[in-house]
Amino acid sequence: DASTNVYIVYMGENKYEDPVTITKSHHKLLSTLLGSKEAAMRSILYSYKHGFSGFAARLTETEAKNIAEFPGVLQVIQNGIFKLH
Amino acid sequence: TTRSWEFIGLNFHSSGKLSTESNMGEGTIIGVIDSGVWPESESFSDKGMGPIPSHWKGKCQKGQNFNSSNCNKKLIGARWFIKGVMHMINRSIDTTKDDEFLSPRDAAGHGTHTASTAAGNFVDKASYKGLAAGVARGGAPLAHLAIYKACWDGFGCADADILKAFDKAIHDGVDILSLSLGSNIPLFSYIDQRDSIAVGSFHAASRGITVVCSAGNDGPTSQTIANTAPWIITVGATTIDRAFPTAITLGNHQTVWGQSMDTGKENWGFTGLTYSERVAVDSKDDSSKYCNPGTLNATLASGKIILCFSKSDKVDMVNTSLTVAEAGGVGLILAQFHNDGLPSCDLIPCVKVDYEVGTEILSYIRTARSPLAKLNFPKTVIGKWVSPQVASFSSRGPSSISPAILKPDVAAPGVDILAAFTPFGRKHLNSYALLSGTSMACPHVAAIAALIKSVHKDWSPAAIRSALVTTASQTGTDGMNIFEEGFTRKAADPFDMGGGHVNPNRAMQPGLVYDISTEDYIQFLCSMGHTNASISALTKTKISCSKSSHLELNLNLPSITIPNLRQSVTVTRKVTNVGHINSVYRAVEEAPYGIKMRVEPQVLSFNMTRKVISFKATFSTTEKLLADYRFGSLTWTDGEHFVRSPIAIRTVKHEWYSYE
């Protein structure tokens with residue numbers, strides 16, 4: 001979908017020990033934004049659940065702005081490219 | 001690699017002849033986030049390897065031309081991450097057209113090179129077409145490797161994939177992470193978390209994982225350095241004492257010297273030689289001097305060796321050779337201002353010369369009726385050049401984001417480094433290549449960090465960084481100051497090489513270390529504008545921003561950088577004794593020019609109960625004018641250890657100045 005980009009929703013340190021619980025919390029947050037669990041599952045690329053909490057998902061610019069206001073969201077970063085040195 | 005480890009003092013030649021206290025990295029796991037790995041390379045053989053460490057929780061992920069049997073006791077894990085880059089390019093990667101593997105297998109060769117540099121096993125008689133021959137090995141040859149492929153040939157590395165690689169590496173239990181990648185200036189602030197390497201490495205470091213990153217290849221311009229977060233070890237690149245001199249015999253039988261990697265089988269004797277301007281499509285076009293694409297006349301250039309001059313440090317010798325080859329030229333002599341980094345030209349022989357030699361050849365062309373030249377084959381010569389020198393391409397400090405944090409931290413070999421590579425033609429053969437870049441310097445330091453970690457298992461990433469910085473060398477093989485290659489040649493300063501040229505033997509026993517906790521980093525983030533609300537999300541422990549002043553100057557780094565000294569400022573540091581229990585260290589001050597420096601106390605006495613001691617250093621300016629950075633050092637010594645911190649201070653008398 002050309003109207004969406006990948007955004008990283010960064011939530012800082014893990015609040016839970018269990019990775020399954022962390023993933024569920026990411027899906028729940030995204031479901032709230034997108035309106036359904038199915039939409040959240042389609043949108044999410046990665047759930048970051050070991051070193052820190054957050055996820056990468058396909059979002060529109062408006063959705064990215066909206067999710068940045070959700071409690072627990074520290075930063076929303078648009079996916080960029082690094083180069084080998 | 002061959003030679004680079006001997007050059008920096010690690011002289012073990014086989015697993016049976018240990019001459020280091022470091023256990024050769026045994027028991028440690030180095031994670032490499034890069035372009036993957038070529039597992040069949042002999043460098044990744046697990047001969048002589050110890051058991052897989054019990055703290056390893058990773059896996060060997062299957063994919064195209066890669067299965068679990070590709071992992072062994074050396075290559076203990078491999079994963080690949082592609083979703084982020086696929087969405088950036090808005091399509092799937094076509095493995096035929098894009099020449100890639102949907103697996104941890106390395107198409108680019110870069111990840112194979114960096115991984116084998118860090119922890120490759122011993123390989124006899126490694127060479128690139130006979131050049132740089134010797135025993136190839138990683139710096140930590142008994143360390144284990146975990147590969148995280150997040151970079152894709154021709155497409156780069158996406159934030160989303162890099163962060164997933166960090167997330168998995170933290171889960172898997174790596175001890176060290178090596179990242180030979182980064183962004184270009186302008187940098188995103190790691191404070192607002194838009195730099196995924198800074199974010200991922202913060203969480204890795206807070207779990208005791210040492211993260212080592214390359215400084216970037218945008219040198220020698222000032223303020224170009226990347227990967228500048230204070231919890232990262234940032235590495236610049238230097239030359240080693242090896243060169244590949246190539247004789248160019250001119251038609252008048254005079255011999256001049258350049259460097260080359262061309263080892264073609266045919267040595268076709270004397271051939272016509274000309275200057276690019278003489279075979280230009282448009283003789284008035286100045287760009288023909290530089291052999292820009294399309295500037296050479298195919299009729300005139302055909303069958304000749306072409307001499308080209310390059311004014312820029314960014315000219316790519318391979319692309320210039322393409323221009324010459326397309327015009328029918330049979331050889332290239334390229335005059336460039338710097339000597340570091342030799343590319344391999346596939347189509348025609350290429351020889352790199354400096355401006356002096358280039359001008360000498362041009363003078364011959366201008367005076368000879370029918371200029372001729374013979375390009376001879378290069379030889380590998382060791383120990384004849386003063387080294388190390390900071391490479392021209394190595395990105396320079398100060399950090400454009402946080403100038404109070406000295407970057408790079410250290411410099412390490414990164415020019416013409418021989419290491420394992422993806423085989424040409426993709427056959428399952430052993431292959432080695434000579435590459436240059438801060439990418440090559442980074443795994444050298446990652447390996448040394450693994451050596452330190454294997455002996456000092458409880459040391460934090462900050463303590464390991466401190467050991468590397470405070471013991472780094474300031475002198476070249478001639479006993480003089482290390483120089484830097486750049487637009488002009490000058491003695492290297494801390495913005496070129498941080499603490500200096502890495503010295504693994506001394507770094508194993510630094511005497512004292514400057515340690516930093518996660519809480520210290522968070523206080524530093526407060527000083528950079530982070531709010532209490534965002535700070536609270538960074539760790540599980542509740543931390544509030546302190547109201548103390550000069551927090552950014554007081555981060556317990558093994559260096560002192562004051563970007564805006566107006567009158568006087570006092571910084572505090574604390575050192576931890578990791579040497580003899582009852583030690584007495586005295587301060588040796590080398591104040592920057594125009595700066596008064598006072599250290600209190602002058603003597604630090606450690607004993608069984610007093611292992612950590614704080615000191616203050618007060619700096620005041622005597623400059624009457626605005627000045628650029630001046631450099632000095634503070635060394636604590638007990639007569640056996642020399643714990644040297646580089647100092648960089650810039651005097652700013654006024655906020656701004658006017659012409660009035």
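The values are calculated or read from the model by the stated rules, or taken from the named source; none is laboratory data. Just so we're clear, the structure is a prediction, and the values are computed from it rather than from any experiment. So basically every Cβ, Gly included, is an ideal-geometry build from the backbone, and we count neighbours across all protein chains shown.
Computed values, structure above
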item	result
Total residues in the range B:224-248, condition more than 14 Å from the chain's Cα centre (by Cα) and not polar (S, T, N, Q)	10
Qualifying residue in the range B:150-162 (condition: modelled with pLDDT under 95, more than 9 Å from every other protein chain (Cβ to nearest Cβ) and surrounded by 24 or more Cβ atoms within 10 Å (Cβ to Cβ))	no
Near pairs, Cβ below 7 angstrom, 6+ apart or cross-chain, from the range B:104-121 (in contact (Cβ under 8 Å) with a residue 40 or more places away in the chain and closer than 18 Å to B:Gly139 by Cβ) to any residue that is of a type in the set (Lys, Arg) and surrounded by 24 or more Cβ atoms within 10 Å (Cβ to Cβ)	B:Gly111/B:Lys149; B:Gly120/B:Arg137; B:Asn121/B:Lys74; B:Asn121/B:Arg137
Any pair with Cβ under 6 angstrom, 6 or more apart, that starts in the range B:621-639 at a residue that is over 10 Å from B:Leu565 (Cα atoms) and in contact (Cβ under 8 Å) with a residue 12 or more places away in the chain and ends at one that is of a type in the set (Ser, Thr, Tyr) and assigned to a loop (DSSP other than H, G, I, E, B)	B:Arg630/B:Tyr593
Test: residue in the range A:45-62 that is more than 7 Å from chain B (Cβ to nearest Cβ), among the small types (Gly, Ala, Ser) and more than 21 Å from B:Leu538 (Cβ to Cβ)	yes
Qualifying positions in the range B:424-436 - over 15 Å from the mean Cα position of the chain (by Cα) and not in a strand (DSSP E or B)	B:Phe424, B:Gly425, B:Arg426, B:Lys427, B:His428, B:Leu429, B:Asn430, B:Ser431
Residue selected from the range B:579-629 under the condition in contact with a Gly (Cβ under 6 Å, 6 or more places away or on another chain) and not hydrophobic (A, V, I, L, M, F, W, C), by the criterion surrounded by the fewest Cβ atoms within 10 Å (Cβ to Cβ)	B:Thr622
Residue satisfying all of: in the range B:271-312; at pLDDT 95 or above and in a loop (DSSP other than H, G, I, E, B); surrounded by the fewest Cβ atoms within 10 Å (Cβ to Cβ) among these	B:Gly303
Long-range neighbours under 6 Å by Cβ, at least six apart or interchain, first residue surrounded by 21 or more Cβ atoms within 10 Å (Cβ to Cβ) within the range B:451-471, second among the basic types (Lys, Arg)	B:Thr470/B:Arg644; B:Thr471/B:Arg506
Which numbered condition A:Ala39 fails, given (1) touching a residue at least 12 places away in the same chain (Cβ under 8 Å); (2) surrounded by fewer than 21 Cβ atoms within 10 Å (Cβ to Cβ); (3) more than 7 Å from chain B (Cβ to nearest Cβ)	(1)
Condition met for B:Ile405 (part of a loop (DSSP other than H, G, I, E, B), aliphatic (A, V, I, L, M) and more than 26 Å from B:Gly139 (Cβ to Cβ))	no
Selection count, the range B:488-547, where residues are small (Gly, Ala, Ser) and within 14 Å of chain A (Cβ to nearest Cβ)	5
Any pair with Cβ under 8 angstrom, 6 or more apart, that starts in the range B:9-29 at a residue that is at positive phi and ends at one that is modelled with pLDDT under 60	B:Met24/B:Ser15; B:Met24/B:Leu18
Residue list for the range B:443-461, restricted to those being part of a loop (DSSP other than H, G, I, E, B) and closer than 13 Å to B:Ile209 by Cα	B:Lys457, B:Asp458, B:Trp459, B:Ser460
Any chance B:Ser439 is within 14 Å of chain A (Cβ to nearest Cβ), buried (at least 24 other Cβ atoms within 10 Å of the Cβ), among the hydroxyl-bearing types (Ser, Thr, Tyr) and part of a helix (DSSP H, G or I)	yes
Hits in the range B:475-490 (condition: in contact (Cβ under 8 Å) with a residue 40 or more places away in the chain and in a loop (DSSP other than H, G, I, E, B))	B:Gly476, B:Thr477, B:Asp478, B:Met480, B:Ile482, B:Glu485, B:Gly486, B:Phe487
Residue count for the range A:68-77, restricted to those that are more than 11 Å from chain B (Cβ to nearest Cβ) and either without any contact (Cβ under 8 Å) to a residue 12 or more places away in the chain or farther than 17 Å from A:Lys15 by Cβ (or both)	2
Residue that is surrounded by the fewest Cβ atoms within 10 Å (Cβ to Cβ), among those in the range A:1-22 that are within 9 Å of chain B (Cβ to nearest Cβ) and among the small types (Gly, Ala, Ser)	A:Ala2
Verdict on A:Lys65 being modelled with pLDDT of 95 or more and more than 10 Å from chain B (Cβ to nearest Cβ)	yes
Filter result for the condition that a residue is over 30 Å from B:Ser517 (Cα atoms) and in a loop (DSSP other than H, G, I, E, B), over B:Ser370, B:Ser394, B:Ser363	B:Ser370
Every residue from the range B:491-542 that is under 25 Å from the mean Cα position of the chain (by Cα) and in a loop (DSSP other than H, G, I, E, B)	B:Ala492, B:Asp493, B:Gly498, B:Gly499, B:Gly500, B:Val502, B:Asn503, B:Gln509, B:Pro510, B:Tyr514, B:Asp515, B:Ile516
Which numbered condition B:Pro398 misses (of (1) buried (at least 24 other Cβ atoms within 10 Å of the Cβ); (2) within 30 Å of B:Asn554 (Cβ to Cβ))	(1)
Sole residue being modelled with pLDDT of 95 or more and under 15 Å from B:Ala143 (Cα atoms), chosen from B:Phe12, B:Phe81, B:Phe44	B:Phe44
Residue satisfying all of: in the range B:199-208; of a type outside the set (Lys, Arg) and surrounded by fewer than 24 Cβ atoms within 10 Å (Cβ to Cβ); farthest from the other protein chains (Cβ to nearest Cβ) among these	B:Gly208
Which listed residue, of B:Ala115, B:Ala165, B:Ala108, is farther than 26 Å from A:Thr4 by Cβ, modelled with pLDDT of 95 or more and crowded, with 24+ Cβ neighbours inside 10 Å	B:Ala115
Whichever residue in the range B:395-411 is away from chain A (no Cβ under 13 Å) and under 23 Å from B:Gly9 (Cβ atoms) and, among such residues, is farthest from the chain's Cα centre (by Cα)	B:Asp409
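Residue by residue, here is whether (1) more than 14 Å from chain A (Cβ to nearest Cβ); (2) touching a strand residue (DSSP E or B) at 6+ places or on another chain (Cβ under 8 Å); (3) not polar (S, T, N, Q) holds:
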residue	(1), (2), (3)
B:Ile76	yes, yes, yes
B:Arg79	no, yes, yes
B:Lys83	no, yes, yes
B:Asn90	no, no, no
B:Thr95	yes, no, no
B:Asp106	no, yes, yes
B:Thr114	no, yes, no
B:Ala119	yes, yes, yes
